[in-house]
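Asks: Just dropping this structure here.
The values are calculated or read from the model by the stated rules, or taken from the named source; none is laboratory data. Predicted model only: the values in this text are computed from it and were never measured. Please note: Cβ atoms are built from the backbone with ideal geometry, for glycine as well, and neighbour counts cover all protein chains shown.
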Amino acid sequence: MTYGLPQDESKAGQDPIVPEGAEALLASRQPYLSAEQRRAVLYTTSIDSGYPLLDGTNGWGRLDLVTAADGYGAFLGDVAVEMDASQGGFNVQDWWRNDISGEGMLTKTGSGHLSLTGENTYTGGTLVQQGVLEARSAAAFGEGDLYVEGGGVLVDVEGALQLQGNLTIEGGTLDLQVEEQAAQVTIADTLYIDGGELKLGFSDFTPASGSTLTLLTASNLSGTFDSVDSEVAVELVYNNNSISAVVQ
(Lines give C-alpha, C1' and ligand atoms only; values in the text may rest on other atoms or scores of the structure.)
Protein backbone atom coordinates (compact mmCIF):
# COMPACT_ATOMS: atom_id res chain seq x y z
CA MET A 1 0.00 0.00 0.00
CA THR A 2 3.03 2.29 0.30
CA TYR A 3 3.89 1.68 -3.39
CA GLY A 4 7.32 0.44 -2.29
CA LEU A 5 8.44 3.96 -1.44
CA PRO A 6 10.68 4.51 1.62
CA GLN A 7 9.35 6.10 4.79
CA ASP A 8 10.61 9.50 5.89
CA GLU A 9 11.21 8.68 9.55
CA SER A 10 11.28 12.38 10.48
CA LYS A 11 7.57 12.49 9.59
CA ALA A 12 6.61 9.17 11.20
CA GLY A 13 4.33 8.87 14.22
CA GLN A 14 1.78 11.55 13.33
CA ASP A 15 -1.79 10.91 14.47
CA PRO A 16 -4.02 9.36 11.82
CA ILE A 17 -6.87 11.32 10.29
CA VAL A 18 -10.09 9.38 9.71
CA PRO A 19 -12.01 11.26 7.01
CA GLU A 20 -15.66 12.11 7.58
CA GLY A 21 -17.84 9.27 6.36
CA ALA A 22 -15.02 6.72 6.17
CA GLU A 23 -16.75 4.59 8.81
CA ALA A 24 -19.27 3.58 6.13
CA LEU A 25 -16.55 1.42 4.54
CA LEU A 26 -16.84 -1.00 7.48
CA ALA A 27 -20.61 -0.90 7.90
CA SER A 28 -21.22 -4.29 6.27
CA ARG A 29 -18.04 -5.87 7.67
CA GLN A 30 -18.65 -4.88 11.31
CA PRO A 31 -22.39 -4.19 11.52
CA TYR A 32 -22.45 -4.73 15.28
CA LEU A 33 -20.21 -1.70 15.87
CA SER A 34 -21.45 1.87 16.01
CA ALA A 35 -20.22 4.48 13.54
CA GLU A 36 -17.98 5.92 16.25
CA GLN A 37 -16.53 2.48 16.98
CA ARG A 38 -15.82 1.80 13.32
CA ARG A 39 -13.97 5.13 13.15
CA ALA A 40 -11.89 3.97 16.12
CA VAL A 41 -11.08 0.73 14.27
CA LEU A 42 -9.90 2.71 11.24
CA TYR A 43 -7.88 5.04 13.47
CA THR A 44 -6.08 2.26 15.34
CA THR A 45 -5.25 0.27 12.19
CA SER A 46 -4.08 3.14 9.97
CA ILE A 47 -0.74 3.07 8.17
CA ASP A 48 2.00 5.14 9.81
CA SER A 49 2.75 8.61 8.47
CA GLY A 50 5.87 9.54 6.54
CA TYR A 51 5.16 7.74 3.27
CA PRO A 52 5.10 9.76 0.03
CA LEU A 53 1.72 9.92 -1.71
CA LEU A 54 -0.16 8.78 1.42
CA ASP A 55 0.28 11.76 3.74
CA GLY A 56 -1.27 14.27 1.36
CA THR A 57 -4.62 12.52 0.95
CA ASN A 58 -6.54 13.98 3.94
CA GLY A 59 -6.35 10.61 5.68
CA TRP A 60 -7.75 8.41 2.91
CA GLY A 61 -4.37 7.11 1.81
CA ARG A 62 -3.45 5.89 5.29
CA LEU A 63 -6.59 3.80 5.78
CA ASP A 64 -5.80 0.07 5.83
CA LEU A 65 -9.11 -1.67 5.21
CA VAL A 66 -7.57 -5.14 5.13
CA THR A 67 -6.24 -4.74 8.67
CA ALA A 68 -9.35 -2.87 9.84
CA ALA A 69 -11.52 -5.80 8.73
CA ASP A 70 -9.81 -7.82 11.49
CA GLY A 71 -10.97 -5.46 14.26
CA TYR A 72 -9.33 -2.98 16.60
CA GLY A 73 -5.60 -2.41 16.71
CA ALA A 74 -5.92 -0.81 20.16
CA PHE A 75 -8.54 -0.03 22.80
CA LEU A 76 -7.90 3.67 23.37
CA GLY A 77 -10.98 3.75 25.62
CA ASP A 78 -13.51 1.23 26.92
CA VAL A 79 -15.16 -0.78 24.14
CA ALA A 80 -18.63 -2.36 24.50
CA VAL A 81 -19.58 -4.81 21.76
CA GLU A 82 -23.18 -5.97 21.37
CA MET A 83 -23.71 -8.70 18.77
CA ASP A 84 -27.33 -9.66 18.04
CA ALA A 85 -27.15 -13.06 16.36
CA SER A 86 -30.76 -12.76 15.15
CA GLN A 87 -29.59 -10.16 12.63
CA GLY A 88 -27.42 -12.73 10.85
CA GLY A 89 -24.09 -12.29 9.06
CA PHE A 90 -21.17 -11.10 11.14
CA ASN A 91 -23.56 -10.46 14.03
CA VAL A 92 -23.64 -14.23 14.51
CA GLN A 93 -19.89 -14.81 14.65
CA ASP A 94 -16.78 -12.78 13.95
CA TRP A 95 -13.02 -12.89 14.53
CA TRP A 96 -10.69 -10.09 15.60
CA ARG A 97 -7.24 -11.17 14.41
CA ASN A 98 -5.18 -8.06 15.16
CA ASP A 99 -2.84 -7.69 18.13
CA ILE A 100 -4.78 -5.32 20.39
CA SER A 101 -2.98 -2.88 22.71
CA GLY A 102 -4.25 0.08 24.74
CA GLU A 103 -5.69 0.80 28.17
CA GLY A 104 -9.40 0.26 27.51
CA MET A 105 -11.73 -2.48 28.73
CA LEU A 106 -13.65 -4.84 26.45
CA THR A 107 -17.27 -5.69 27.36
CA LYS A 108 -19.09 -8.38 25.38
CA THR A 109 -22.92 -8.40 25.29
CA GLY A 110 -25.51 -9.74 22.88
CA SER A 111 -26.08 -13.29 21.66
CA GLY A 112 -23.29 -13.43 19.05
CA HIS A 113 -19.90 -15.15 19.16
CA LEU A 114 -16.67 -13.12 19.03
CA SER A 115 -13.21 -14.74 18.81
CA LEU A 116 -9.94 -13.01 19.76
CA THR A 117 -6.90 -14.51 18.04
CA GLY A 118 -4.16 -11.89 18.48
CA GLU A 119 -1.24 -11.54 20.88
CA ASN A 120 -3.11 -8.91 22.86
CA THR A 121 -1.65 -6.55 25.47
CA TYR A 122 -4.60 -4.30 26.36
CA THR A 123 -4.71 -3.64 30.11
CA GLY A 124 -8.28 -2.55 30.92
CA GLY A 125 -9.69 -6.03 31.46
CA THR A 126 -12.46 -8.06 29.86
CA LEU A 127 -16.10 -8.42 30.92
CA VAL A 128 -18.41 -11.07 29.45
CA GLN A 129 -22.13 -10.61 30.10
CA GLN A 130 -23.84 -12.30 27.14
CA GLY A 131 -23.07 -14.45 24.12
CA VAL A 132 -19.68 -16.10 23.68
CA LEU A 133 -16.22 -14.59 23.82
CA GLU A 134 -13.61 -17.06 22.59
CA ALA A 135 -9.88 -17.12 23.28
CA ARG A 136 -7.89 -18.49 20.36
CA SER A 137 -4.45 -17.45 21.61
CA ALA A 138 -2.67 -17.63 24.95
CA ALA A 139 -2.75 -13.82 25.24
CA ALA A 140 -6.27 -13.30 23.85
CA PHE A 141 -7.56 -11.41 26.91
CA GLY A 142 -4.61 -9.08 27.24
CA GLU A 143 -2.98 -8.17 30.54
CA GLY A 144 -5.99 -7.22 32.69
CA ASP A 145 -8.63 -9.08 34.71
CA LEU A 146 -11.30 -11.32 33.21
CA TYR A 147 -14.86 -11.15 34.59
CA VAL A 148 -17.59 -13.61 33.60
CA GLU A 149 -21.08 -12.52 34.67
CA GLY A 150 -23.13 -14.30 32.01
CA GLY A 151 -22.85 -15.80 28.57
CA GLY A 152 -19.77 -17.92 28.02
CA VAL A 153 -16.02 -17.83 27.70
CA LEU A 154 -14.65 -20.47 25.33
CA VAL A 155 -10.96 -21.36 25.67
CA ASP A 156 -9.53 -23.18 22.67
CA VAL A 157 -5.81 -22.40 22.51
CA GLU A 158 -2.58 -24.26 21.97
CA GLY A 159 -1.11 -24.68 25.43
CA ALA A 160 -2.68 -22.63 28.22
CA LEU A 161 -4.58 -19.36 28.27
CA GLN A 162 -2.44 -16.89 30.23
CA LEU A 163 -4.35 -14.43 32.42
CA GLN A 164 -2.11 -11.72 33.89
CA GLY A 165 -4.61 -10.57 36.54
CA ASN A 166 -7.63 -12.11 38.27
CA LEU A 167 -10.39 -14.36 36.94
CA THR A 168 -13.81 -13.78 38.51
CA ILE A 169 -16.73 -16.04 37.59
CA GLU A 170 -20.14 -15.01 38.95
CA GLY A 171 -22.33 -16.73 36.37
CA GLY A 172 -22.32 -17.97 32.81
CA THR A 173 -20.10 -20.74 31.48
CA LEU A 174 -16.39 -21.36 31.29
CA ASP A 175 -15.89 -23.77 28.38
CA LEU A 176 -12.48 -25.46 28.18
CA GLN A 177 -11.47 -27.47 25.14
CA VAL A 178 -9.04 -29.84 26.86
CA GLU A 179 -6.14 -30.90 24.64
CA GLU A 180 -3.62 -32.27 27.14
CA GLN A 181 -3.14 -32.99 30.84
CA ALA A 182 -1.33 -29.71 31.50
CA ALA A 183 -3.20 -26.65 32.81
CA GLN A 184 -5.68 -25.12 30.36
CA VAL A 185 -5.82 -21.71 32.08
CA THR A 186 -3.06 -20.12 34.16
CA ILE A 187 -4.10 -17.17 36.36
CA ALA A 188 -1.38 -14.93 37.77
CA ASP A 189 -3.46 -13.68 40.70
CA THR A 190 -6.77 -14.86 42.20
CA LEU A 191 -9.41 -17.20 40.81
CA TYR A 192 -12.74 -16.34 42.43
CA ILE A 193 -15.77 -18.51 41.61
CA ASP A 194 -19.29 -17.74 42.78
CA GLY A 195 -21.33 -20.22 40.77
CA GLY A 196 -21.53 -20.63 37.04
CA GLU A 197 -20.91 -23.73 34.96
CA LEU A 198 -17.68 -25.43 33.94
CA LYS A 199 -17.91 -27.15 30.56
CA LEU A 200 -15.24 -29.57 29.33
CA GLY A 201 -14.75 -30.71 25.74
CA PHE A 202 -12.37 -33.43 24.54
CA SER A 203 -12.61 -33.36 20.75
CA ASP A 204 -8.85 -33.83 20.18
CA PHE A 205 -7.87 -35.64 23.37
CA THR A 206 -9.00 -38.87 24.99
CA PRO A 207 -8.02 -38.99 28.68
CA ALA A 208 -7.40 -42.32 30.34
CA SER A 209 -9.73 -43.52 33.06
CA GLY A 210 -8.32 -42.66 36.48
CA SER A 211 -6.05 -39.92 35.15
CA THR A 212 -5.96 -36.45 36.72
CA LEU A 213 -6.27 -33.40 34.49
CA THR A 214 -5.12 -30.01 35.74
CA LEU A 215 -7.66 -27.47 34.46
CA LEU A 216 -6.92 -24.13 36.12
CA THR A 217 -4.05 -22.86 38.25
CA ALA A 218 -3.89 -19.58 40.22
CA SER A 219 -1.98 -17.93 43.03
CA ASN A 220 -5.16 -18.13 45.13
CA LEU A 221 -8.46 -19.92 44.69
CA SER A 222 -11.85 -19.28 46.27
CA GLY A 223 -15.27 -20.78 45.59
CA THR A 224 -16.73 -23.55 43.43
CA PHE A 225 -18.78 -23.97 40.27
CA ASP A 226 -22.49 -24.71 40.48
CA SER A 227 -22.29 -27.47 37.90
CA VAL A 228 -20.04 -29.37 35.49
CA ASP A 229 -20.94 -30.39 31.93
CA SER A 230 -18.27 -32.74 30.58
CA GLU A 231 -18.06 -34.99 27.54
CA VAL A 232 -16.14 -37.43 29.76
CA ALA A 233 -17.30 -38.29 33.29
CA VAL A 234 -15.10 -36.43 35.78
CA GLU A 235 -14.96 -35.46 39.42
CA LEU A 236 -13.58 -32.01 40.23
CA VAL A 237 -10.94 -31.56 42.90
CA TYR A 238 -10.48 -28.08 44.39
CA ASN A 239 -7.10 -27.23 45.92
CA ASN A 240 -5.67 -24.00 47.32
CA ASN A 241 -4.35 -22.90 43.95
CA SER A 242 -5.75 -25.25 41.31
CA ILE A 243 -8.76 -27.14 40.02
CA SER A 244 -8.28 -30.64 38.65
CA ALA A 245 -10.57 -33.23 37.13
CA VAL A 246 -10.24 -36.94 37.90
CA VAL A 247 -11.51 -38.99 34.97
CA GLN A 248 -14.02 -41.59 36.13
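Asks: Regarding the stretch 48-58, can at least one residue be identified that is surrounded by 12 or more Cβ atoms within 10 Å (Cβ to Cβ), closer than 30 Å to Asp145 by Cα and in contact (Cβ under 8 Å) with a residue 12 or more places away in the chain?
Replies: no
Asks: Can you name the residue in the stretch 185-211 that is modelled with pLDDT of 95 or more and among the polar types (S, T, N, Q) and is also surrounded by the most Cβ atoms within 10 Å (Cβ to Cβ) among such residues?
Replies: Checked the stretch 185-211; the qualifying residue surrounded by the most Cβ atoms within 10 Å (Cβ to Cβ) is Thr186.
Asks: Shifting gears a bit: Report the residue count in the stretch 80-90 for those that are in contact (Cβ under 8 Å) with a residue 40 or more places away in the chain and surrounded by fewer than 20 Cβ atoms within 10 Å (Cβ to Cβ).
Replies: Total meeting the criteria: 6.
Asks: Can you tell me which residue within the stretch 105-146, out of those that are acidic (Asp, Glu) and out of contact with any strand residue (DSSP E or B) (no Cβ under 8 Å at 6 or more places or on another chain), is surrounded by the most Cβ atoms within 10 Å (Cβ to Cβ)?
Replies: Step by step, filter the stretch 105-146, then rank; the result is Glu143.
Asks: Could I ask something else about it? Tell me, please, whether a residue that is over 27 Å from Val128 (Cα atoms), in contact with a helix residue (DSSP H, G or I) (Cβ under 9 Å, 6 or more places away or on another chain) and modelled with pLDDT of 95 or more can be found in the stretch 1-13.
Replies: Looking through the stretch 1-13, none of the residues is over 27 Å from Val128 (Cα atoms), in contact with a helix residue (DSSP H, G or I) (Cβ under 9 Å, 6 or more places away or on another chain) and modelled with pLDDT of 95 or more.
Asks: Among the residues of the stretch 65-104, what is the count of those that are out of contact with any strand residue (DSSP E or B) (no Cβ under 8 Å at 6 or more places or on another chain), of a type outside the set (A, V, I, L, M) and within 26 Å of Met1 (Cα to Cα)?
Replies: Within the stretch 65-104, residues that are out of contact with any strand residue (DSSP E or B) (no Cβ under 8 Å at 6 or more places or on another chain), of a type outside the set (A, V, I, L, M) and within 26 Å of Met1 (Cα to Cα) number 4.
Asks: Here is a follow-up. What residue, of Val178, Val157, is in contact with a Gly (Cβ under 9 Å, 6 or more places away or on another chain) and assigned by TED's automatic domain parsing to the domain that holds Ser227?
Replies: One residue alone meets the criteria, Val178.
Asks: Checking Gly77 against (1) of a type in the set (Gly, Ala, Ser); (2) buried (at least 18 other Cβ atoms within 10 Å of the Cβ); (3) closer than 19 Å to Tyr122 by Cα: exactly one of these is not met. Which one?
Replies: If we test Gly77 against (1) of a type in the set (Gly, Ala, Ser); (2) buried (at least 18 other Cβ atoms within 10 Å of the Cβ); (3) closer than 19 Å to Tyr122 by Cα, just (2) comes out false.
Asks: Please indicate, with yes or no, whether at least one residue in the stretch 23-45 is without any contact (Cβ under 8 Å) to a residue 40 or more places away in the chain and over 28 Å from the mean Cα position of the chain (by Cα).
Replies: Looking for residues that are without any contact (Cβ under 8 Å) to a residue 40 or more places away in the chain and over 28 Å from the mean Cα position of the chain (by Cα), one finds none in the stretch 23-45, hence no.
Asks: Do we have any residue at all in the stretch 96-104 that's of a type in the set (D, E, K, R), outside any strand (DSSP E or B) and crowded, with 21+ Cβ neighbours inside 10 Å?
Replies: no
Asks: Let me ask you something else. Val41 fails exactly one of the following numbered conditions: (1) in the same structural domain as Gln14 (by TED's automatic domain parsing); (2) part of a loop (DSSP other than H, G, I, E, B). What is the number of that condition?
Replies: For Val41, the exception is condition (2).
Asks: Another question about this same structure. Among (1) surrounded by 14 or more Cβ atoms within 10 Å (Cβ to Cβ); (2) under 25 Å from Gly165 (Cβ atoms); (3) hydrophobic (A, V, I, L, M, F, W, C), which single condition is Val247 missing?
Replies: (2)
Asks: Further question on the same structure: Within the bounds of the stretch 146-158, is there any residue that is part of a loop (DSSP other than H, G, I, E, B) and over 22 Å from Gln93 (Cβ atoms)?
Replies: no
Asks: Now for a different question. Under the condition of being hydrophobic (A, V, I, L, M, F, W, C) and not in a helix (DSSP H, G or I), which residue from the stretch 44-61 is modelled with the lowest pLDDT?
Replies: Leu53
Asks: I've got another one for you. Among (1) part of a strand (DSSP E or B); (2) more than 12 Å from the chain's Cα centre (by Cα); (3) over 23 Å from Tyr43 (Cα atoms), where does Ala80 come up short?
Replies: Here Ala80 clears every test but (3).
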